[in-house]
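Quick notes on the structure that follows.
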Amino acid sequence: MSALTTHGLCVGHGDRTVVADAELTFSPGGCTAIVGANGSGKSTLLRTVAGLAAPLGGHVRLGDRDLGSLRARELARHLAFLPQAPLVPAGITVAELVALGRHPHRRLLGGPTPGDDDAIGEAMAQAGLEPLAERPVEQLSGGERQRVWIAVALAQQAPVLLLDEPTTFLDIRHQLEVLALARRLCAEGGRTVVAVLHDLNQAAAFADQLVVVGDGRILAQGRPGDVLSAELLAQAFGVHAEVHLDDGARPTCRFHAALV
């Protein structure tokens with residue numbers, strides 16, 4: 001698998017730039033968390049990296065190929081994107097929804113193939129969904145639904161998985177389930193996972209690399225223990241905090257009530 005990289009990337013809305021000159025590398029098999037204050041451009045950055053929004057400047061490349069040169073079906077074979085709160089078609093079962101992830105691999109007039117069945121079964125097994133295969137998705141809990149959408153992305157068999165706030169609206173148990181699944185996909189499946197997250201302590205525990213967005217640029221990127229500091233959190237979030245390293249060199253943040 002090839003690294004996903006950005007080169008002088010500028011992203012925004014219309015002609016308004018929200019993040020400029022991003023130079024990022026998302027290595028195969030690595031977990032990256034993108035963090036920053038509300039409105040800092042995290043989701044816009046991720047959507048542009050996913051090829052869903054045109055860059056205002058610069059490039060996104062997978063290996064030596066510019067994402068802009070890839071047709072939609074070809075791009076979907078390389079990269080899967082999970083948006084915030086995707087809509088569930090009425091009455092669809094778990095197995096039927098996961099099967100939609102095979103669309104990029106089917107010929108325009110072709111039906112399901114044995115390869116599709118294998119990919120769907122593997123995706124459901126990885127997400128722990130086999131007992132729920134025939135359940136209507138609308139009857140599932142929030143955490144179960146999120147695992148279904150991750151399985152849809154896994155059924156694409158794309159080596160890069162981009163998740164936009166995958167833990168939003170979930171309770172703490174389901175948040176940890178989703179992050180543990182994403183972590184396993186990196187460690188066992190060799191996938192590249194990039195997720196926009198809000199909880200800094202969860203991001204530091206989950207990610208190999210943090211990308212901190214603020215002030216219209218990338219403020220910092222690197223291993224959580226190297227990146228997180230009281231000074232950075234004051235700059236990025238406007239809060240007073242203490243950062244502690246545990247025995248595994250994974251930092252934890254403790255925040256104070258007083259704002260910067």
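Listing for the model above:
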item	result
Per-region count, region 218-227, residues open to solvent by 60 Å² or more (accessible area, probe 1.4 Å) and more than 12 Å from Gly36 (Cβ to Cβ)	2
Selection status of Ala85, assigned to a loop (DSSP other than H, G, I, E, B) and either in contact with a strand residue (DSSP E or B) (Cβ under 7 Å, 6 or more places away or on another chain) or not acidic (Asp, Glu) (or both)	yes
Pairs, first modelled with pLDDT under 95 in region 51-71, second open to solvent by 40 Å² or more (accessible area, probe 1.4 Å) and part of a helix (DSSP H, G or I), C-beta under 7 Å, six or more apart	Ala53/Arg47; Leu62/His78
Scope region 209-229; condition touching a Lys or Arg at 6+ places or on another chain (Cβ under 8 Å) and within 10 Å of Arg250 (Cα to Cα); matching residues	Pro224, Gly225
When residues of region 33-56 are limited to those that are in contact with a Ser or Thr (Cβ under 8 Å, 6 or more places away or on another chain) and either among the hydrophobic types (A, V, I, L, M, F, W, C) or in a strand (DSSP E or B) (or both), the one surrounded by the most Cβ atoms within 10 Å (Cβ to Cβ)	Val49
Restricting region 63-85 to residues that are open to solvent by less than 30 Å² (accessible area, probe 1.4 Å) and not small (Gly, Ala, Ser), the residue that is nearest to Arg16 (Cα to Cα)	Leu67
Given (1) of a type outside the set (A, V, I, L, M, F, W, C); (2) under 21 Å from the mean Cα position of the chain (by Cα); (3) at pLDDT 90 or above, index of the condition Gln84 fails	(3)
Hey, Thr192 surrounded by fewer than 18 Cβ atoms within 10 Å (Cβ to Cβ) and of a type in the set (Ser, Thr, Tyr) or not	no
Within region 3-30, considering residues that are among the polar types (S, T, N, Q) and open to solvent by 60 Å² or more (accessible area, probe 1.4 Å), the one farthest from Ala53 (Cα to Cα)	Ser27
Residue among Gln175, Gln156, Gln126 that alone is open to solvent by 40 Å² or more (accessible area, probe 1.4 Å) and of a type in the set (S, T, N, Q)	Gln126
Residue in region 228-247 that is open to solvent by 30 Å² or more (accessible area, probe 1.4 Å), over 30 Å from Thr17 (Cβ atoms) and part of a loop (DSSP other than H, G, I, E, B) present	yes
Evaluation of Arg254 against (1) surrounded by fewer than 16 Cβ atoms within 10 Å (Cβ to Cβ); (2) touching a Phe, Trp or Tyr at 6+ places or on another chain (Cβ under 9 Å); (3) of a type in the set (D, E, K, R) (one fails), failing number	(2)
Every residue from region 88-100 that is in a helix (DSSP H, G or I) and either small (Gly, Ala, Ser) or surrounded by fewer than 15 Cβ atoms within 10 Å (Cβ to Cβ) (or both)	Ala95, Ala99, Leu100
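Each row is one residue, and each column tells you yes or no for (1) without any contact (Cβ under 8 Å) to a residue 12 or more places away in the chain; (2) in contact with a strand residue (DSSP E or B) (Cβ under 8 Å, 6 or more places away or on another chain); (3) not in a strand (DSSP E or B).
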position	(1), (2), (3)
Val148	no, no, yes
Pro166	no, yes, yes
Gln175	no, no, yes
Ala195	no, yes, no
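The values are calculated or read from the model by the stated rules, or taken from the named source; none is laboratory data. No experiment lies behind these values; they were computed from the predicted model shown. Ideal geometry is used to build each Cβ from the backbone, glycine not excepted, and the neighbour counts take in all protein chains shown. Protein only, heavy atoms only, side chains kept; ligands, DNA and RNA dropped before computing areas. Shrake-Rupley method; radii C 1.70, N 1.55, O 1.52, S 1.80 Å.
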